[in-house]
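J.: One structure is given below, represented as structure tokens, and several questions about it will come after.
The values are calculated or read from the model by the stated rules, or taken from the named source; none is laboratory data. Remember, predicted model here, so these are calculated numbers, not experimental data. Virtual Cβ from ideal backbone geometry, glycine too; neighbours counted across all protein chains shown. Calculation scope for accessible area: heavy atoms of the full protein, side chains included, ligands and nucleic acids excluded. Shrake-Rupley method; radii C 1.70, N 1.55, O 1.52, S 1.80 Å.
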Amino acid sequence: MGNERKWTQLWLKYDRRQKEYDADLGRVNVSGFGEDTVEKKVLESALKEWKRGFEGYTGKSVTEDTAAEEAGLRILKDASVPAEGYVIEVTDPSHVVVKASEAKGVLYGIFALLRAMGLEQELSEAAGSFSPSNPLRMLNHWDNMSGDIERGYSGNSFFFKDGEILVGDRTRDYARFISSVGINAIVINNVNVKQQATWLITDRYFDKVSELSRILEEYGVKLFLSLNYAACMEIGGLDSADPMDPKVIAWWKERMKEVFARIPNLGGFLVKADSEGRPGPFTYGRTQADGANMLADIVKEYDALIIWRCFVYNCQQDWRDLKTDRARAGYDNFKPMDGDYHENVILQIKNGPMDFQIREPVSPLLGGLTKTNQMLEVQIAQEYTGHQIDVCYLIPMFKEVLDFKTYCAPENDTVADVVSGRAFGNKNAGMAAVCNTGDDENWTGNDLAAANLYGFGRLAFDMELTSEAIAEEWAGLTFENKSEVKKTVVTILLPSRKVYEKYTSPLGIGWMVRPHDHYGCSVDGYEYDRWGTYHRADHLGIGVDRSHNGTGYALQYHQPNADMYDDPETCPEELLLFFHHVSYDKVLKSGKTLIQHIYDSHFEGYDEAVALRDQWKSLEGQIENRCYENVAERFERQLYNAREWKDQVNSYFFRKSGIPDEKNREIY
Ligand code: GCU
């Protein structure tokens, strides 16, 4: 591997010995699992991890193949345990049983025991029956084969460098980390598939991709690749990518035959088509369903999936065009074919209708589709949420999305119900996150951003976990468990999303970011651009009318959500400017005018960011210096950013509206 640098062990820090665990647990007996080689490999990973973790935490050694009656840790096959699930039974501190129907369940069970040890709990606290809420728990890497990462804020790729694939110890550690939180699938390459990445499905890369895939397989992680929809033209030499053209179908059949013969553990493909310049079926007058089904039918015999993204919109809009609304596009493009997508197609839908802003309504496609497999896409790469410079713990946002009641059915109708497959009984469903990792020593740029990686995995595995519980787990494992440090870290994480929201764009309007790189404030940066991202501020008010009087977007929801959003009086205030154009002197529920709310929230947001920074400073000398300095330095940049946002937003709206701040604070 070309980049053998140092890297941290994130939350798998097995070098602390604060609590005693019985030495008998080092005597391990495994029984009932068959001869299947993949199962064996996964079991081996589980046992290796137990050895590493138990020995690290206790200083006591682990021996395998102990006779059953002498074993402290017994691992048993039990066909009645649900797929990927595990049962932990603790009879006394020296006797633990882990049961699972497949090796992957054992692996998750072992990680659960190690988690309890890392949190200095009695192992009985880990006892119970567990199985994942979501069938697919996936990370989408936007890594390019050059080595850079689209929207990456943690260094370069650890999968690719200079057109080659990297496989080594870092790959293995990564597989361990993500498996420890229950991730079972990753896409290694960017959704914008260009140049060399188009060739990942050819002989040029099979050997290395296979090597990588085998490592993932040992940790129960399926490999997926992003596909270039026009590969049949770009590397196949055809003159069309029409999904109905027999030549095109024949080309893909041949290609897939070879791909699945050569790459083990391949779960399927992720496709971004007809989106932001990427090719797709629209060019040939075909629908998204035509494109997705063509590929899905071909990969079906390999038990593979086509995950088709719904991020399809007109990115060539004119700012004078008040009719076209980017927010509407997902629903308009995909809803009409609801029911037409084949069984092994999953539509992957971003949480909001725009693009990962700090506050957006839930996409009306989620639950708007009732006859189609769907999965949720969130972004832990902090593209619009502070570039892993600003601290922004995103799990509370994901919880809000999952808890949203779509009214797609009389009951079991939340987004969590829909994407887990519970609502409509689909087995092809789940959650994906655009990943925030890179080859930085600490993996995520800002040490605190690892809470989002950890948290996404844990939440996708168990959607009932609260944001607080996840933050506490992560902080307890990463820092020390019973200490002021953990408390302080959790106190920083929990409000951080609200703080970021306060000093950036107000009440759901979004954008106002610097074009292209999406960090920092530029109120009008996108206003006259072609991307369909407007705030429509004038001297009287601000906001986009998406009610029935405006673009009609609000009506894409099921009732009563449609009515709730349509009416400015019932629209949740945090989304008011997303749905309505509102005058600056409108009085909000707080009793403040809109303009005063804008001023106040920006001053507050900045002050609260300062307070978060001060809390971090109180940790100096109490935690590892590398980590302290990493976050401290980023906090200084966050404060600079927060100040810029506050001053630019406040000055802009003061000058537009001419209405002064009631509290007479400094506005330029
Ligand atoms: C955003 C992001 C792009 C990305 C796109 C996508 O627009 O800025 O870099 O390619 O989302 O999700 O496909």
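J.: Out of the residues in region 625-667 that are within 30 Å of residue 447 (Cα to Cα) and aromatic (Phe, Trp, Tyr), state the one that is most open to solvent (accessible area, probe 1.4 Å). I'd like the intermediate steps shown before the answer.
T.: Within region 625-667, the first condition is being within 30 Å of residue 447 (Cα to Cα), and the residues that meet it are 625-649.
Going one step further and asking which of them are aromatic (Phe, Trp, Tyr), we end up with 628, 635, 640, 645.
Numbers: 628: 9, 635: 5, 640: 149, 645: 3 Å².
Step by step, filter region 625-667, then rank; the result is 640.
J.: Check whether at least one residue in region 98-111 is surrounded by fewer than 20 Cβ atoms within 10 Å (Cβ to Cβ) and either more than 16 Å from the ligand (Cβ to nearest atom) or closer than 18 Å to residue 216 by Cβ (or both), and report yes or no.
T.: Residues of region 98-111 that are surrounded by fewer than 20 Cβ atoms within 10 Å (Cβ to Cβ), as a first pass: none.
For region 98-111, residues surrounded by fewer than 20 Cβ atoms within 10 Å (Cβ to Cβ) and either more than 16 Å from the ligand (Cβ to nearest atom) or closer than 18 Å to residue 216 by Cβ (or both): absent.
J.: Considering only region 462-473, I want to know if a residue exists there that is open to solvent by less than 30 Å² (accessible area, probe 1.4 Å) and over 18 Å from residue 396 (Cβ atoms).
T.: no
J.: Right, residue 296: in a helix (DSSP H, G or I) and within 14 Å of the ligand (Cβ to nearest atom) or not? Steps first, answer last, please.
T.: Values: in a helix (DSSP H, G or I): yes; within 14 Å of the ligand (Cβ to nearest atom): no.
Against the criterion (in a helix (DSSP H, G or I) and within 14 Å of the ligand (Cβ to nearest atom)), residue 296 does not qualify.
J.: Between a residue in region 203-232 that is without any contact (Cβ under 8 Å) to a residue 24 or more places away in the chain and open to solvent by less than 20 Å² (accessible area, probe 1.4 Å) and any residue that is part of a helix (DSSP H, G or I) and of a type in the set (A, V, I, L, M, F, W, C), which pairs come within a Cβ distance under 7 Å, given they are 6 or more apart or on different chains?
T.: That search, which allows pairs on different chains as well, returns 232/248; 232/251; 232/252.
J.: So if I check each of 84, 125, which one is open to solvent by 30 Å² or more (accessible area, probe 1.4 Å) and either free of Cβ contacts under 8 Å to residues at least 40 places away in the same chain or acidic (Asp, Glu) (or both)? Even if it seems obvious, please write down each step before you answer.
T.: Working: 84 fails: open to solvent by 30 Å² or more (accessible area, probe 1.4 Å).
Every option except 125 fails the conditions.
J.: In region 402-415, what residues are part of a helix (DSSP H, G or I) and open to solvent by 10 Å² or more (accessible area, probe 1.4 Å)? Even if it seems obvious, please write down each step before you answer.
T.: Taking region 402-415 and keeping what is part of a helix (DSSP H, G or I), we get 402-403, 415.
The one that is part of a helix (DSSP H, G or I) and open to solvent by 10 Å² or more (accessible area, probe 1.4 Å): 403.
J.: Related question: What pairs can you find where one residue is in region 185-199 and of a type in the set (Gly, Ala, Ser), the other is assigned to a loop (DSSP other than H, G, I, E, B), and their Cβ atoms are less than 9 Å apart, with a gap of 6+ or different chains?
T.: Within 9 Å, the pairs are 185/221; 197/144; 197/145; 197/189; 197/190; 197/228.
J.: Within region 147-194, track down each residue that is open to solvent by 10 Å² or more (accessible area, probe 1.4 Å), of a type outside the set (Lys, Arg) and within 15 Å of the ligand (Cβ to nearest atom).
T.: Answer for region 147-194, where residues must be open to solvent by 10 Å² or more (accessible area, probe 1.4 Å), of a type outside the set (Lys, Arg) and within 15 Å of the ligand (Cβ to nearest atom): 148, 149, 150, 152, 153, 192.
J.: Shifting gears a bit: Which numbered condition trips up residue 64, out of (1) open to solvent by less than 40 Å² (accessible area, probe 1.4 Å); (2) touching a residue at least 12 places away in the same chain (Cβ under 8 Å)?
T.: (1)
J.: So which residues in region 283-312 are free of Cβ contacts under 8 Å to residues at least 24 places away in the same chain and farther than 23 Å from residue 217 by Cα, if there are any at all?
T.: Listed by number, the list holds a single entry, 285.
J.: Kindly list, by first and then second residue, each pair from a residue in region 364-390 that is over 25 Å from residue 141 (Cβ atoms) to a residue that is part of a loop (DSSP other than H, G, I, E, B) and among the aliphatic types (A, V, I, L, M), limited to pairs with Cβ atoms under 9 Å and residues at least 6 apart or on different chains.
T.: 367/409; 367/423; 370/409; 370/423
J.: Return yes or no: is residue 93 touching an Asp or Glu at 6+ places or on another chain (Cβ under 6 Å) and at pLDDT below 95? Show your work before the answer.
T.: Working: touching an Asp or Glu at 6+ places or on another chain (Cβ under 6 Å): yes; at pLDDT below 95: yes.
When the stated conditions are applied, residue 93 passes them.
J.: Determine if region 595-605 includes at least one residue that is open to solvent by 60 Å² or more (accessible area, probe 1.4 Å), at pLDDT 95 or above, touching a Lys or Arg at 6+ places or on another chain (Cβ under 8 Å) and not basic (Lys, Arg). Spell out the reasoning first.
T.: Here is the first cut: in region 595-605, the residues open to solvent by 60 Å² or more (accessible area, probe 1.4 Å) are 604.
Among the residues that remain, those that are also at pLDDT 95 or above are: 604.
Pick out the ones that are also touching a Lys or Arg at 6+ places or on another chain (Cβ under 8 Å) and you get 604.
After this cut, where a residue has to be not basic (Lys, Arg) as well, the list is 604.
Yes, that holds for at least one residue.
J.: Also, quick follow-up: If I filter region 418-469 down to residues being in a loop (DSSP other than H, G, I, E, B) and within 16 Å of the ligand (Cβ to nearest atom), which single residue comes out as nearest to residue 190 (Cα to Cα)? Reasoning before the result, please.
T.: Within region 418-469, the subset in a loop (DSSP other than H, G, I, E, B) is 420-429, 435-446, 462-466.
Then keep just the ones that are within 16 Å of the ligand (Cβ to nearest atom); that gives 435-436, 438.
Numbers: 435: 11, 436: 13, 438: 13 Å.
Filtering region 418-469 for residues that are in a loop (DSSP other than H, G, I, E, B) and within 16 Å of the ligand (Cβ to nearest atom), the one nearest to residue 190 (Cα to Cα) comes out as 435.
J.: Scan 406, 370, 324 and give me the residue that is more than 14 Å from the chain's Cα centre (by Cα) and under 29 Å from residue 436 (Cβ atoms).
T.: Working: 370 fails: under 29 Å from residue 436 (Cβ atoms); 324 fails: under 29 Å from residue 436 (Cβ atoms).
Going through 406, 370, 324 in turn, just one is more than 14 Å from the chain's Cα centre (by Cα) and under 29 Å from residue 436 (Cβ atoms): 406.
J.: Which residues, taken from region 607-624, are of a type in the set (D, E, K, R) and surrounded by 14 or more Cβ atoms within 10 Å (Cβ to Cβ)? Explain how you work it out, then say what you get.
T.: Narrowing region 607-624 to residues of a type in the set (D, E, K, R): 607-608, 613-614, 617, 620, 624.
Of everything in region 607-624, those that are of a type in the set (D, E, K, R) and surrounded by 14 or more Cβ atoms within 10 Å (Cβ to Cβ) turn out to be 607, 608, 613.
J.: Please name all residue pairs, on different chains or six or more residues apart, with Cβ atoms under 7 Å, provided the first residue is in region 469-496 and is within 19 Å of residue 625 (Cα to Cα) and the second residue is of a type in the set (Val, Ile, Thr).
T.: Close Cβ pairs satisfying both conditions: 475/489; 475/490; 479/485; 479/489; 479/623; 485/623; 492/391.
J.: List the number of the failed condition for residue 484; all other conditions in (1) within 16 Å of the ligand (Cβ to nearest atom); (2) more than 23 Å from the chain's Cα centre (by Cα) hold.
T.: In the conditions (1) within 16 Å of the ligand (Cβ to nearest atom); (2) more than 23 Å from the chain's Cα centre (by Cα), residue 484 misses (1) alone.
J.: A further question follows. Of all residues in region 233-265, which are open to solvent by less than 10 Å² (accessible area, probe 1.4 Å) and under 19 Å from residue 197 (Cβ atoms)?
T.: Step one: of region 233-265, the residues open to solvent by less than 10 Å² (accessible area, probe 1.4 Å) are 241, 243, 248, 252, 256, 259, 263.
Result: 241, 252, 256, 259, 263.
J.: Sticking with this structure for a sec: Among the residues in region 272-280, are any more than 16 Å from the ligand (Cβ to nearest atom) and open to solvent by 40 Å² or more (accessible area, probe 1.4 Å)?
T.: As a first pass, look at region 272-280 and keep what is more than 16 Å from the ligand (Cβ to nearest atom): none.
No: zero hits.
J.: While we're on this one: Give me the strands (runs of 3 or more DSSP E) completely within region 62-168, filtered to those with at least 2 residues that are under 22 Å from the mean Cα position of the chain (by Cα) and either within 30 Å of residue 387 (Cβ to Cβ) or among the β-branched types (Val, Ile, Thr) (or both), ordered by residue number. Step through it out loud before you land on a result.
T.: Numbers: elements: 73-77, 86-92, 95-100, 128-130, 136-140.
The qualifying strands (runs of 3 or more DSSP E) are 136-140.
J.: Could you please give the count of residues in region 509-533 that are open to solvent by less than 20 Å² (accessible area, probe 1.4 Å), in contact (Cβ under 8 Å) with a residue 60 or more places away in the chain, within 16 Å of the ligand (Cβ to nearest atom) and not small (Gly, Ala, Ser)?
T.: The qualifying residues number 5.
J.: Condition check: in contact (Cβ under 8 Å) with a residue 40 or more places away in the chain and farther than 19 Å from residue 437 by Cα. Does residue 265 satisfy that? Reasoning before the result, please.
T.: Details: in contact (Cβ under 8 Å) with a residue 40 or more places away in the chain: yes; farther than 19 Å from residue 437 by Cα: yes.
Yes: the conditions hold for residue 265.
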